[in-house]
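One structure is given here, and the rest of the page talks about it.
The values are calculated or read from the model by the stated rules, or taken from the named source; none is laboratory data. Here the structure is a predicted model, which is why all the values come from computation and not from measurement. Note that each Cβ is placed from the backbone with ideal geometry, even for glycine, and that neighbours are counted across all protein chains shown. Calculation scope for accessible area: heavy atoms of the full protein, side chains included, ligands and nucleic acids excluded. Shrake-Rupley method; radii C 1.70, N 1.55, O 1.52, S 1.80 Å.
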Amino acid sequence: ELKEIVFVIQSQSNSFHSKRAEDLKRDILKQAVDHGKELPTVLLIHQISRHEGAWTILPLMRDFSVTYGKNSSWIFFCEEDTRIRVVKLLETLRRFDKSKEWFLGKALYDEESTIIHHYAFAENPTVFKFPDFAAGWALSIPLVNKLAKKLKSEPLKSDFTIDLKHEIALYIWQKGEGPHLTPVPEFCTEDVNSYKVDHCATTFSNFLPLCGEPVNKEDVFVAVKTCRKFHGDRIPVVKQTWEREAALIEYYSDYADISIPTIDLGVPNTDRGHCGKTFAILERFLNHTSPRTPWLVVVDDDTLISIFRLRKLLSCYDPNEPVFLGERYGYGLGTGGYSYITGGGGMVFSRTAVQKLLASKCRCYSMDAPDDMVLGMCFSGLGIPITHSPLFHQARPMDYPKDYLSHQVPVSFHKHWNIDPVKVYFTWLAPNSEESHNGKKVGYNREDL
């Protein structure tokens with residue numbers, strides 16, 4: 001029965017995201033009423049737990065087991081942009097014996113082993129399947145109870161949470177002792193209006209959000225972190241690709257080169273983290289740019305980014321809120337750590353967030369500390385949640401399953417290893433791109449996907 005399903009929405013506390021999650025909750029409950037069903041439980045992750053790492057799901061298993069282990073059959077997880085046909089979902093879940101351990105989802109897999117997944121299954125990465133969260137995924141209660149029991153006796157050890165969907169699948173699989181992901185064709189990521197969705201219990205409604213006019217070019221200040229040794233090879237790529245999209249852009253280095261031009265912040269370059277440099281950029285933004293510029297974007301010199309798409313995305317956020325936006329990673333979340341925005345995909349700050357950060361006394365513990373992690377620690381201490389967007393990417397397009405990227409209009413990618421970064425930009429990120437893609441000539445505008 002529908003009342004035996006607990007829906008868990010991967011919500012966030014930022015006002016734009018929490019409203020989307022509330023809308024989805026209302027839609028699920030309305031469908032239940034319209035079909036004369038008893039109401040299911042619908043939970044929003046940012047509301048059910050004060051735990052910093054609630055978004056990583058596993059720390060919630062013991063609560064789920066205690067609260068829902070007796071009267072429920074399934075926990076169904078979805079994103080705020082997943083669209084659910086409740087009756088179809090019910091029919092789909094009825095095909096599976098709820099007294100057994102099931103891990104259901106739309107299967108993704110790596111075409112080749114990738115650094116993001118620590119080269120797992122290097123011999124044949126395609127054998128290991130993990131769920132596309134956008135399509136929704138489900139755990140039967142017997143499996144939830146088993147995971148809760150394991151977590152009680154063996155707390156989570158992982159230091160870093162980098163790709164949650166892969167890490168959850170690995171944890172559930174338990175080196176072959178637990179279940180593999182069972183692919184369910186009714187869990188879909190096609191657009192809700194596609195002709196392909198008749199059989200689908202779920203669809204995915206959102207490629208790139210737009211909430212009114214894109215923010216003005218002059219509302220986004222772009223700071224590029226570089227150093228003298230990369231002036232010759234990385235900066236020309238920025239100039240050939242996305243620099244022209246930025247109205248306000250400065251290059252920060254350890255050496256003033258007037259041909260670029262770069263600004264020497266007086267912070268020596270470090271081989272490891274760049275905390276000193278990043279905090280100097282934040283202070284410069286606050287003190288030397290127009291107070292009417294609401295957004296700061298900090299990128300590496302090997303970040304490929306679409307400022308055009310970012311301006312669309314930022315139309316959904318209120319710059320009067322302390323917004324810290326990008327791709328979310330976690331550190332030590334099983335033991336009270338913190339979440340952070342990983343730097344390579346780009347870090348976006350509202351001026352309000354920068355003001356609150358610099359008004360606090362939170363600073364780098366060393367000049368070469370990892371800037372993104374220190375920022376995460378500082379914002380966590382200030383009670384300012386980071387805001388995750390899957391459209392920012394810490395790695396290259398080939399480091400992700402093709403099917404995962406197919407329902408995105410990406411905002412950024414990172415790193416130039418073994419790729420032609422100019423081609424990657426024009427294939428994946430340029431407005432109105434018509435470029436060779438996967439070896440085939442395709443004329444398309446990814447903005448219209």
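For this structure, a couple of remarks:
- Whole-number percent relative contact order across region 217-429, with pairs defined as alpha carbons under 8 Å at least 6 apart: 23
- Looking at region 352-384, the trypsin sites (Lys or Arg not before Pro) that sit in a DSSP loop and have at most 14 other Cβ atoms within 10 Å of their own Cβ are LYS361, ARG363.
- For the pair region 380-426 / region 1-74, the C-alpha centres are spaced 28 Å from each other.
- Distant-in-sequence amide H partners of SER315 (H built 1.01 Å from N, under 5 Å): CYS211, VAL215
- Chain lengthening between TYR255 and ILE48 when straightened (0.36 nm per residue, less Cα-Cα): 69.6 nm
- Take the Cβ atoms of LYS423 and HIS288, set R0 to 25 Å, and the FRET efficiency comes out at 0.10.
- Per-residue HN-Hα couplings for region 408-418 [Karplus 6.51, -1.76, 1.60; θ = phi - 60°; Hz; x = Gly/Pro]: 10, 10, x, 9, 8, 9, 9, 5, 10, 4, 6
- For the chain, Cys with no neighbouring Cys Cβ under 4.7 Å: CYS78, CYS227
- Over the chain, dividing the summed -39,500 (n - 2.57) contributions of all DSSP H runs of at least 4 residues by the number of residues returns a 222 nm mean residue ellipticity of -7500 deg cm²/dmol.
- Portion, in percent, of the accessible area of region 2-204 that falls on carbon or sulfur, probe 1.4 Å: 52
- Here's how it looks for ASP301: its modeled amide H is under 5 Å from those of LYS225, which are all 5 or more places away or on a different chain.
- Each peptide among 152-158, 330-336 gets the average number of other Cβ atoms lying within 10 Å of its residues, and from highest to lowest they stand as 330-336, 152-158.
- Rounded to 5, percent antiparallel among DSSP beta bridges of the chain: 50
- Long pairs among LYS165/LYS196; LYS106/LYS402; LYS3/LYS30; LYS165/LYS402; LYS100/LYS165, criterion Cα-Cα beyond 19 Å: LYS165/LYS196; LYS100/LYS165
- Identified option (computed Kirkwood radius over Cα pairs in Å; candidates (i) 23.0; (ii) 35.6; (iii) 23.9): (i)
- Estimated distance in nm for a label pair at ASP191 and GLU321, the labels positioned 7 Å out from Cα along Cα-to-Cβ: 2.6
- Magnitude of the charge dipole for the chain, about its Cα centre and with charges confined to Cβ atoms of Lys, Arg (+1) and Asp, Glu (-1), is about 940 debye.
- Neighbour net charge for HIS288 - beta-carbon separation under 15 angstrom, K R +1, D E -1: 0
- Burial ranking of peptide ranges 276-284, 239-247 (average Cβ count within 10 Å, highest at the top): 276-284, 239-247
- Over the chain, accessible surface divided per residue gives 43 Å², non-protein components excluded, 1.4 Å probe.
- Farthest towards the positive end of the charge dipole of the chain, among the residues ASN14, ILE260, GLY69, is the Cα of GLY69, using unit charges on the Cβ of Lys, Arg, Asp and Glu.
- Cα-centred dipole magnitude for region 251-343, charges only on beta-carbon of K, R (+1) and D, E (-1), debye, nearest 20: 380
- Simple rule: put +1 on each Lys or Arg Cβ and -1 on each Asp or Glu Cβ in the chain, find the dipole, and look at VAL33, GLY343, ALA134; the Cα lying farthest toward the positive end is VAL33.
- Calculated FRET efficiency for the pair ASP198/LYS157, C-beta based, R₀ 30 Å, to 0.05: 0.10
- Spin-label proximity, LEU29 to region 71-115 - amide N less than 19 Å from point 7 Å beyond Cα toward beta carbon: 76-87
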